[in-house]
2 protein chains.
Amino acid sequence: MARPRTFDEERALDAAMRTFWEKGYEATSTQDLCDATGLGRSSIYNTFKSKHDLFERALARYIDSMTSAQLAVLEDRRLSAADRIRTLLATVVDGETEHRAGGRSLGCLTVNTTVELAARDARAAGMLERDTARRLAALRAVLEEGRRDGSITSARDPGALARFLNAAIGGMRISSQGGADRAALESIADVTLDALTA
Amino acid sequence: MARPRTFDEERALDAAMRTFWEKGYEATSTQDLCDATGLGRSSIYNTFKSKHDLFERALARYIDSMTSAQLAVLEDRRLSAADRIRTLLATVVDGETEHRAGGRSLGCLTVNTTVELAARDARAAGMLERDTARRLAALRAVLEEGRRDGSITSARDPGALARFLNAAIGGMRISSQGGADRAALESIADVTLDALTA
DNA sequence: TAGGTTATGGATCGGTCAGTTCAAAACTTG
DNA sequence: CAAGTTTTGAACTGACCGATCCATAACCTA
């Protein structure tokens, strides 16, 4: 038919996602996106309609990969409920330790977007809300299971425990972005788990 | 001597702080700052050297007012250590419920700045780090006192509990910005306190 | 009230923003 | 190899960015 693309759309999306993750939406210019992806402006605007559209796709990609990895941990039937949550928190610590730039943790694109955009970008806010709902439901299911298998002894409502855990993960990410090291994050995770067995 | 100012510098600073709080640093234009303060560009640049300088002063003001209010709670000798922390968390819930725009919580300028700027603005990062250190020290002191007065029964290291509490507060703020309502925040606070008495 | 000083508003600065246009290049298909 | 289609790079657009300049207004002091 016609001239084929010389780049991999998924790789470009990945590079864009990384850039938004590192610098935030506003601070990322279209030139930054050209540099990061290696594409020219035409290719970017031809493939992704606009900066905002590209951001939405990058965010969707991030949410999808992140949350599905976390849900996989939460649904691992080989582990007790408490151990799944322990593993989940360890995954978060690993992620924060791993994804850094300029000596600092990148945090989590979901959290970063909640802070930077949720208030004035209804579409992004909707994506984040759906993701939160999905994660809260999964957490709640595991916590209910933990109540049954005895690994979660807290008498609190599982919904409340789920919201607490979700908040705790966000808090760990903020702490990491604020300079907390791996040991600090691990101790936060330990104390978080205490609340579920109180 | 000469023509005096027709505006109150502190009120202008307050308006600027509020704007940065609502929109973030990058998304706030100098025109936004003119609109919010009611000042002309000349007055703003004459009084505060630059947008960045104005932001730093706004952030310093926020940190100062926020943290000194929180330290006042933590040093209230009429309350047990656990009750001080309970009160602190209630203050956070109130703040998140109170400071909203467009139907959404504004979160916390400290957290927002950690996410948006800490990675690429060393001066802001330094201010945030000093504030975090101050808050962690105060939390730790209260937790140690709680161990002595018996209101904190967790055997965990008070430093770890302090980092946990600090993270929990950040997590509550993120949750709030993500749409959590007052009841949700209160339940998160309840579970957070469980961890200290585990 | 005159002289000195500062505040103020508006015009303006160069630069960068997101996004568009267009001609040339590159590839498929017949 | 030629027609047709799409990609690509580079130049370009108007708008807005943070910041400065300057003439004028407003005020204090002497």
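The values are calculated or read from the model by the stated rules, or taken from the named source; none is laboratory data. These figures come from a predicted structure and were not determined experimentally. Neighbour counts are summed over all protein chains in view; Cβ atoms, including those assigned to glycine, are modelled from backbone coordinates with ideal geometry. Heavy atoms of the whole protein, side chains included, go into the accessibility calculation; ligands, DNA and RNA do not. Shrake-Rupley method; radii C 1.70, N 1.55, O 1.52, S 1.80 Å.
Data table
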{"item": "Hull-based mean projected area of chain A, where the convex hull spans the alpha carbons, in square nanometres", "result": "13.0"}
{"item": "DSSP loop GluC sites (Glu not before Pro) with at most 16 other Cβ within 10 Å excluded, longest remaining stretch of chain B", "result": "B:76-198"}
{"item": "Point-to-point label distance, residue B:5-residue A:64, nm (Cα→Cβ direction, 7 Å offset)", "result": "5.3"}
{"item": "Unit charges at the beta carbon, dipole of the protein assembly as shown: most positive-side option, A:52, A:85, B:166", "result": "A:52"}
{"item": "Sequence-distant lysines (8 or more away, or on other chains) whose Cα lies within less than 17 Å of residue A:49", "result": "none"}
{"item": "Chain B: most fluctuating residue of B:112, B:46, B:166 per GNM, C-alpha cutoff 10 Å", "result": "B:46"}
{"item": "Estimated [θ] at 222 nm from DSSP helical runs (n ≥ 4, -39500 (n - 2.57)) normalised by residues in chain A, nearest 500", "result": "-24000 deg cm²/dmol"}
{"item": "Shielding by other protein chains, B:156-164, mean Cβ within 10 Å", "result": "5"}
{"item": "Rounded to the nearest 10 Å², the accessible area of residue A:52 at probe 1.4 Å", "result": "50"}
{"item": "Average partner coverage of B:98-109, which counts Cβ from other chains inside 10 Å", "result": "2"}
{"item": "Ranked packing of A:104-111, A:57-64, most packed first, by mean Cβ within 10 Å", "result": "A:104-111, A:57-64"}
{"item": "Averaged over B:184-190, number of beta-carbon atoms from partner chains that fall within 10 Å", "result": "5"}
{"item": "Relative contact order for chain A, counting Cα pairs under 8 Å that sit 6 or more residues apart, in percent", "result": "22"}
{"item": "For the protein assembly as shown, convex hull of alpha carbons as volume per residue, Å³", "result": "158"}
{"item": "Cβ-placed point charges (K, R +1; D, E -1), dipole of segment B:58-196 about Cα centre in debye, nearest 20", "result": "280"}
